[in-house]
Every structure is written in C-alpha cells, then in structure tokens.
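This report concerns only the one structure given below.
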Amino acid sequence: MPHKPAEVHVVSHAHWDREWYQPFQGFRRRLVGAIDQVLDILERDPDYRYFFLDGQTVVLEDYIEIRPENEPRLRRLIAEGRIGVGPWYVQPDEALVSGESLVRNLLLGHRLAAAYGGRPMKAGYVPDIFGHSSQLPQILTGFGIDNAMLWRGLHGEGLPSELAWEGADGSHVLLVRLPEHWGYSDWFFDVRAPFAEDPVDPEALVAAVGRYLQYKGERATTPVVLAMDGTDHAEPDERLPQWLALLNERFPGVRFVHSSPEEFLERLRAVVRKPPMVYGELRQPSKLLRTANWVLNGVLSSRIHLKQRNARCQTLLERWAEPLSALAAVYAGSPYPRGYLRIAWRHLLQNHPHDSICGCSVDQVHQDMLYRFDQAEMIADETAAQALHDLVGGIGVAEGTPGSHLLVVFNPTPIPLERTVLVDLELPAAPLQVHGALQDPLRYFVHVYDAEGRPVPAQLCNVRLSEARHVPVAHGLWKDEHVDRYTVALRVEAPPCGYTSYTYEATHEPRRALGSMAAGPGVWDGRFLRLSVNPNGSVNLLDKATGIEYRDLLIWEDVGDIGDGWNHFRPVHDRRVTSAATAATVSAECEGPLFTRLRIDWRLRVPAAAAPGGLSRSEEEVELPITAWLDFPYDAREIACRVRVENVARDHALRVLFPSGRSADEFYTDAPFDLIRRPVHREDVSDWNETTDEMVPQQSLVAVHDDAGGLAVLSKGLPAVNVRPDAQRTIALTLLRAFAKIIMRPGEGGQIQGSHEFEFALVPFRPDPGWQADLCQRAAAYRAGYRTVAGPVSTGAKPRTAQFLTIEPAELALSALKAAEDADGLYVLRLYNPREEPVKARVRFQKPPAECWLGNLNEEKGKAVRLEEDGAIPVQAGPKKIVTLLMQWA
C-alpha cells in the first residue's frame, strides 16, 4: 500500500462549526474576520490561489449580513473559482435528520452557491460528521457528485487513504479517507502549527514536511496526496505560497500545489486503480490509540428534546405542508407557498449542523435552536392548515342527509387509514341539558353518520364545554365564539393520500356505546390483540394472528451517566435500577367497546446524581415519576404509548425495555432512505481507542423477528435504540440522558430537568414477504398521524370522499411531494424502495399530469416517462433505490 508522494495538493480551508463551544454570534464575529482576511489575501496575492469555505454555503449568508459592502468582492472571487463554496447549505449530521432533509440541504447549498455567482463544489465533503449514512453515496451521485471526503466512521487501522464506497443501493463513490489522527487538519497541525511565529527556520520546515510526506505515503495508494491546511475556525496563512515555492525547490520529484478539492480529485481519478471497497453505513468507532476519529455515539440521545422537535418539524414539512400545498395547487388552483416553505426549511436546516442537532454544544447554542424550531413549526403548521382548508372546503352534503355539522378526516400517507381513531367534534356551546329523570350529565347525545346517512358507532371519551376561540370574519375582523368539543372514538375509513367525511349532530335522542373491552381484572381484549398489565406495570401483548404473547414489555431501566454531549459513560461503580420489582398503579381513564385508554404510574427510586468524582452514583435517592398512557382501540394492530417523565434526577440515562422473545441474530432499524439489517452480536471493541455504548441510530423504527413472528417499536424523535444479545433479544429504547459536562465551559442544560413526554408504539407483526415495506409505511403513518376539520355543513360540489394519489402496490415509501425549486408549474414526487428486491409500481393522480420525466435529486430532467392509458405513471425501483419524478400539469 505505501506509495511515495509525487504530487501534494495543499487545500487552504477553515472548518466552520457555525455554533459549538461558542454561540453563533461569537463564531460569526470570528467568521467575518476570517473572510475579511481571505478577501484581502486573494486580492493582494495572485499566488495565493484558493480558499475553501468548508463545503457549506450558510457562511455566505452569515458574512454578508454583517458585510454587505463586501458582497461584490466575494461574488467576484467565487465566480473566478478562487473561493470554493458548496455543495451543502450546512454540514449536517447524517443519522439524526431525515433523508429528505439531506436532499434539501444539498438543494439549497447548490442554489445558494449559484446565487453568489459560483458553481457548487462537486466534492462530497463531510469531514467531521459523526458517522455516515448508508445512502449517502446515492444521495451524492443524485447531485452529480462521484466522491466522498470524510474522517469519522472508519476505524483507521490499516486502511488506505483511497477507498471505494458502495451505498445501500449499489451506488459507488470514490472515498477519500482523511487521516485518522488529524483528519481535515493534517497539514495544519504537522506543518503549519509548529511554525506559527516568524521567522521560520527553512531547514526545520523542510524536515517537518519530510516527516509529513512519510506519514502520508504510508497511507497512500497513489502518488497524488491531499494536504489539508486548516482547522476549526482557522484564519488563512498568507505565507503558504512562499512555503510551497521553497518546498518545490527542496523536494525534487515532488510537486507541491496550492489546490482545491476538485483539482485534487481530478488528478486522483486519473491515477487511482481499484481501491478497496467499504460498504453501507460507516459507523466504526476509533480503533488506534491517540487518534481522534471518534464516532461519538452518545450524541444520539443528548438533549433529547431537540431530536423530538426536529422530528416534528420534518414531519410537518415533509408529510403535511409540502404535499398538501402541492395537491391544493393542482386540484384547487391555490398558489403554492414557495416562499413560506423555503423560510421554514432554512430555519430547520440551520439546526442540522452536527454540533447543533447532536446536542453537544454550550447551552446558549441549544437555546437558540428552539427559536428556529418554533419558526419552522409555525410556518409548516399554518401552511398545512391553509392547504387542507383549500382541499376540503366546499364538500357537498346531499339534501336530506342527517347531521348539522361535517367532520373531514385527512390521511396523508400512501396506505389506507382504516381503524378507530379519536376525533374532536365541535358544536356551538349550548345551555346545560339533563336527560330526564336519569340526570345524565351530558348536554346532548352526539350522533355520527356516514356519507349514506347511516349511523356510525361512536364512543364518547371526553367533553370540553364552552371553549373560547378567536375566528376570522372578513375584512380583517375577528370574533370570539364558544364551542363544545366532544372527543369520540370513531372507526374511520380514509383512502390513501385523501380524505373521507362524516356528518354529525347533537340531539336529545339517546345513543351510547355500551360495553367494554375489559376481559377480566387487568386484561383488555381487542379484535387483533389482547393486552394485560402486570403488577410491576409491564404489559403482555398477545398477537392473535400468530398466537405469540410478548411478555413483560415496558420495563424501565435507569443507569448512571458521567459523560457529556458526545459520550454516554457509566460510572465504574454504577447502580442499574429497574422497575422489574416495582409496584405500579393501573387505571383505565377511558373504557368502552371501541376504545380503551390505560394509565400506568411508577415512582422509580433512583440515585439523585453522580457522587463527587464521578466514580459512582450518590447514596441520596429521589423518586422519578413516570406515567404512561396506552391507547388500545378495539381494531388496533398496535398499542400507542405516551410517556411523561418528571426528570428530577441528574447524571443518568433512562431507557424502556421490550423483551421480544425472538430467536434472532439480526434486527432492523430505519435510516435515511433505508432499512438497515444489523447484527445482534457486534464486533468486540473492548480494546479499541473508542468503546461506544450499545445504542445504534434509527429514524423511527426498530424490529426483530424470527420465523414465527416479530416485534417492532415505532417512535417519534427517539434515535438511540438497540436489540440486546440477551436470551430475550430485548429492545432497549433510550428516552433521555442527563449529563453535567458541557464542552469547554460549565452549563446546566445537559441535565434536562423538568417534564418530558415521549411517544412510541408497540407493533407485533408476522414476517411475511414484504414485511419491510409494510413496517416502513406504518412507521411513516405513525409519525404523520391524521388531521380533522370540523364545522357546519355547507353547500359545495366536492365529493364526500376523495383520493388524490395512489401508489400501487404500496411498497414504495413516499418521501416528498412538492413544487420544484426553480421551475413554476413543475412538481416533484420522490419515492424510495426500502426492500432488498426490485419493485414495480404504478403511481396514479386523480388528475393525471400532462407530462412526466425521471429526474435526479437536483431536480434536473432526465428521460421522459410515458404515461399509461389511464394516466398512471409506471415506476421501477431497484433494491434500495430512490426515484424522483418531475411532473407538469396542463
């Protein structure tokens, strides 16, 4: 493998963490100073050829906000190719954001680079990300990028600098592995840093470069090597051209070039020959002592509220605001709110840098993130509500149909919504009525009817009387009105990517849902599942389809944590506390024939904090209150759980355990555009430089199965999970980590004291062919949920039920439906295949497009797609492939 360097490409750069051990504004002040220097040096010295702005374009916005007078200078140097920008908007974490977010990041980065007069850098530069996605090769090639340049995620021992990387779908990129010791700063630390002060001894400089060339040659497979002259928040060094001139004189046979990543890659492609291959997800911990290429696995659960907010914002944008706005534009003629959505995505993406979303920065950084989440969420929520109003407003109700009010249930997912759900029925507030001599406490009975006017069974679960709301009237005027809200359990049948509707009314005529799902003390029985609660609060779940009972689910485990935002470390003398022998209180808050809601309360006694010095947990204890609400509709195939934890303890990690009882050596977690198969028994890293905790990343799905059956856990914004190699193959889901150490300064934010809520669902399944796609669809449907619109019946021409989009078969996952970034009237539909087998499908819109093309992820048209006679779009997706369609309506 060793190869003597003959061509050294020195790239001047600064790795710019937008926020980390300083808040954004502190780092921005340094950014402005650094770019000021870059502009001055480039304009003054033509031999200082190039400076690379870290592969991200957000720094351009951050700089120009402060220095608008320098925008022409910046644009000119970008256009001349002397400042390299893009391809990203920000340097994102790849495990904690959605696949669609990674695509939008590159979309915005490319367009911002072009807006500043340049061409986005076609280098897959991800130098400091804490592990890499299995689908990053496919994402990069979708933007015309045939390479990746990275540091973390490969253990480093015996690996050359040049590799090939095959993604989950078979896409290949040339992988430039930055050295395990200094990563993106090797020239900076080995050559530049020792000579920070002038004058520089030429002989000492030559000797240092000689040692550097030997180090690089030990890892190189070609004579062309990359030298990274920069580090975190580094300023340019104007001495570099003089140094390179000296080195070109003193090293015959070696050419030192002040270069760019693209120039280096062009030369490397010409000489590299069949580099070794690495495959799929890259999350290997650091192996060699005294190296810094750590994968930092603890970030999966640091400051968990940030992960939850991010998941909510992504879901609002990807599943609601954008698809509904696109449908409203096509079907209702509504203007597409491109400006609002761009702003929402900008706010969200600015929270995706690895030091931000990973929760490993100073407290102020993460406080600032909440504002951006707020803006993204409010814009997305308002946009979705408006688009939904445009789509379902004006539904016609046939004359003579019973009911004074209309309920619309919208399903945004590609699979039907056919189950009992909770809905709020709004009615004008009315005087208190009692029902005859029985003194029924309800004002009225609520009757619900389907489109044919037939009564629909509805179980009353809650009533909220005379709630005030502020509603628009006209001409900028508003009024206050009071409504009664009846929460009912109702079986709905809403088509995929569409809606259905019901009428309802309040009447004195009695209609009650009598009976109960209770089958005995602590046992509730449904159509597909049976649920029982144990004295310790854990539950047993019988899957009637397979006959398997999953026992002792919902056990709590609390361990010490003396780590920080990057790492979960347990004390040497830890106390692991579980709820296995803890008494719990069980109550039914809602019971009836259609729906049951159970409440389970625990008071888990745990150590109050770490003991001084961190070698053990304190002897002092506190009670950790935990409450779980389990929703069990009669026709449910899953049990939805909402958990509230009052975190009064410090320095600890809380997990919930689900023994699966499966005989399996593999399990699955979802990832950006993928479902990853993982080994239960993992490589022994006990003598490696970095020994990570047991957790692996997920988006929202973990599953384990054997031939008889399987158990999956769906969740919202809880990325850290594992299936343990114990006899029960226990699924362990981390809910929170509380830690004291904050990078480079004290802070309390890592302890996340106070109330936290978490959502997950238990899903037993039969591992029939296609189960992977089915679970991915169910996970997406769980994240997205459904929305309702309720109001008085009005005249209109729209049908009572409508389906806007059909994907047959529903084995392709829906990733995006949106307007194209650059072309008015052009729309983007993105699907992906999570299976390891190819899928043929048909996509049908209720109103077929006039034209359709295959596109790449950069939304550039490729081959035209011929529509079928009924207007359907034929789609072929290879294993793990992402498919992007560009469509235009007449």
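The values are calculated or read from the model by the stated rules, or taken from the named source; none is laboratory data. Keep in mind the model is a prediction, meaning the values are calculated, not measured. Reconstructed Cβ throughout: ideal geometry from the backbone, glycine too, with neighbour counts over all protein chains shown. Protein only, heavy atoms only, side chains kept; ligands, DNA and RNA dropped before computing areas. Shrake-Rupley method; radii C 1.70, N 1.55, O 1.52, S 1.80 Å.
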Over 21 Å between C-alpha atoms is what I'm after, so list which of Lys287/Lys716; Lys818/Lys861; Lys716/Lys880; Lys798/Lys847; Lys716/Lys881; Lys122/Lys863 land there. Lys287/Lys716; Lys716/Lys880; Lys716/Lys881; Lys122/Lys863
Give, rounded to the nearest 20 debye, the magnitude of the charge dipole that the range 607-686 has about its Cα centre when Lys and Arg contribute +1 at Cβ and Asp and Glu contribute -1 at Cβ. 120 debye
Sequence-separation-based contact order of the range 50-118, relative, with Cα cut under 8 Å and 6+ spacing, percent: 42 percent
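Please tell me the relative contact order of the chain in percent, rounded to the nearest whole number, where contacts are Cα pairs under 8 Å and at least six residues apart.
Working: 2214 pairs, mean separation 113.3, N = 890.
Across the chain, relative contact order equals 13 percent.
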Solvent-accessible heavy-atom area per residue, rounded to whole Å², over the chain at 1.4 Å: 38 Å²
Could you tell me the ratio Rg/Rh of the chain? Both radii from Cα atoms, Rh via Kirkwood. 0.99
Using Cα centres only, tell me the gap between the range 542-608 and the range 780-795 in whole Å. 32 Å
Charge dipole magnitude, Cβ of K and R +1, D and E -1 - the range 672-773, Cα centre, debye nearest 20: 240 debye
Could you tell me which residue out of Gly747, Met695, His681 lies farthest along the dipole of the range 669-784 toward its positive end? Charges go on the beta carbon: Lys and Arg +1, Asp and Glu -1, centred on the Cα centre. Gly747
Using R₀ = 56 Å, calculate the FRET efficiency as 1/(1 + (r/R₀)^6) where r is the Cβ-Cβ separation of Asp601 and Ala864; round to 0.05. 0.40
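Mind putting a number on the dipole of the chain about its Cα centre? Charges go on the C-beta only, +1 for Lys and Arg and -1 for Asp and Glu, and I need it in Debye to the nearest 20. Spell out each step's value before the answer.
Values: 96 positive and 118 negative charges, 235 e Å.
Computed about the Cα centre, the dipole is about 1120 debye.
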Over the range 564-681, relative contact order from alpha-carbon pairs under 8 Å, at least 6 apart, %: 18 percent
To the nearest 10 degrees, how steep is helix 202-219 against the longest Cα principal axis of the chain, on a 0 to 90 scale? 50 degrees
Computed lengthening from Thr578 to Lys4, 0.36 nm per intervening residue step minus Cα-Cα distance: 200.9 nm
Consider just the alpha-carbon atoms of the range 108-196 and return their Rg together with their Dmax, both in angstrom. 14.9, 46
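Got a number for carbon plus sulfur as a percent of the chain's accessible area, 1.4 Å probe? Intermediate results must be reported in sequence, preceding the final value.
Working: 17280 of 33710 Å².
Carbon and sulfur atoms account for 51 percent of the accessible area of the chain.
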